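Following: one structure in structure tokens, then a few remarks.
The values are calculated or read from the model by the stated rules, or taken from the named source; none is laboratory data. None of these values were measured; they are calculated from a predicted model. For neighbour counting, all protein chains shown are included, and Cβ atoms are generated from backbone atoms with ideal geometry for every residue, glycine included.
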Amino acid sequence: MIAPSILSADFSRLGEQVREVAGAGADRIHVDVMDGHFVPNLSMGSIVVKGLRPVTTLPLEVHLMVEDPGRFLDGFVKAGSDAFIVHLEVLPDPRPMMEQIRGLGKKVGLAFNPDMPVEKIEPYLRDIDLALCMTVFPGFGGQAYIPESTERLQKLRELVDKHNPACEIEVDGGINAATIATAARAGANVFVAGNAVFLADGGPAAGVKELAALVKK
Ligand code: DX5
Ligand code: ZN
């Protein structure tokens, strides 16, 4: 499954570009939310989800790269978000947050950065819909895939198969035509891509199609 990250989109033509990736077969839209604290950058808030909601029927998944995710859930739910991905780094005990998201009727994802031991997510795998393995340090689009990520994805795949095979393994950061097959072989089945979609030579639709074809192979 391909999840274009609109962080790399042309915001002056956001609706048009989201329609374009949806038409090309994208499976969901990845919305990167940054607070300038958890990551050294600012991006967007629920107003962007609100603007996109009438534009697409694809799920809008919100990747909360923020220190205090609980503060923002309601606003994003009202705006029309379908899924939330929160970071283990800011949640010493993620269970209450997981339950809160579930209680809102939304899908629950847990993310972890490249320097977090993969085993830290193991106790929660049974109770989440999606595990997001960061393959760059979050904050900016267009960074290079960290090669050590492949082994981490393999480890995550083993743990997911053991505890909850239905849990999706999403990979985020530096996914492009050169890295996507490696991530797929290692066990990922949802692929976030920002630059590789929205800055693709042939345009966003071509970017989605190229990545999807590589995953199939
Ligand atoms: C990283 C974000 C990613 C990122 C992906 O801070 O969580 O979603 O924008 O962009 P690319 O695919 O360009 O690495
Ligand atoms: Zn992301």
In the range 126-150, the residues that are more than 15 Å from ligand 2 (Cβ to nearest atom), in a helix (DSSP H, G or I) and more than 21 Å from P59 (Cβ to Cβ): R126, T150
Of all residues in the range 166-217 being of a type in the set (S, T, N, Q) and within 15 Å of ligand 1 (Cβ to nearest atom), the one that is farthest from R152 (Cα to Cα): N195
Helices (runs of 4 or more DSSP H) contained entirely in the range 1-88, each with at least 1 residues that are within 12 Å of ligand 1 (Cβ to nearest atom), at pLDDT 95 or above and surrounded by fewer than 16 Cβ atoms within 10 Å (Cβ to Cβ): none
Filter result (under 12 Å from the mean Cα position of the chain (by Cα) and either among the charged types (D, E, K, R) or part of a helix (DSSP H, G or I) (or both)) within the range 156-177: E168, E170, D172
Close pairs from the range 109-136: first farther than 16 Å from D161 by Cβ, partner more than 14 Å from ligand 1 (Cβ to nearest atom) and aromatic (F, W, Y), Cβ under 7 Å, at least 6 apart: L110/Y124
Verdict on L153 being within 17 Å of the chain's Cα centre (by Cα) and outside any loop (DSSP other than H, G, I, E, B): yes
Single condition T179 does not satisfy, out of (1) hydroxyl-bearing (S, T, Y); (2) away from ligand 2 (no atom under 16 Å from the Cβ); (3) surrounded by 22 or more Cβ atoms within 10 Å (Cβ to Cβ): (2)
Cβ pairs under 7 Å, 6+ apart, first in the range 69-91 and farther than 15 Å from V39 by Cα, second more than 14 Å from ligand 1 (Cβ to nearest atom) and in a strand (DSSP E or B): D82/K107; A83/K107; F84/V108
Residue in the range 183-194 that is touching a residue at least 12 places away in the same chain (Cβ under 8 Å), surrounded by fewer than 20 Cβ atoms within 10 Å (Cβ to Cβ) and under 20 Å from R19 (Cβ atoms) present: no
Residue match in the range 147-165 (condition: modelled with pLDDT of 95 or more, surrounded by fewer than 16 Cβ atoms within 10 Å (Cβ to Cβ) and within 23 Å of V33 (Cα to Cα)): no
Members of the range 92-118 that are touching a Phe, Trp or Tyr at 6+ places or on another chain (Cβ under 6 Å) and either in a helix (DSSP H, G or I) or at positive phi (or both): I101
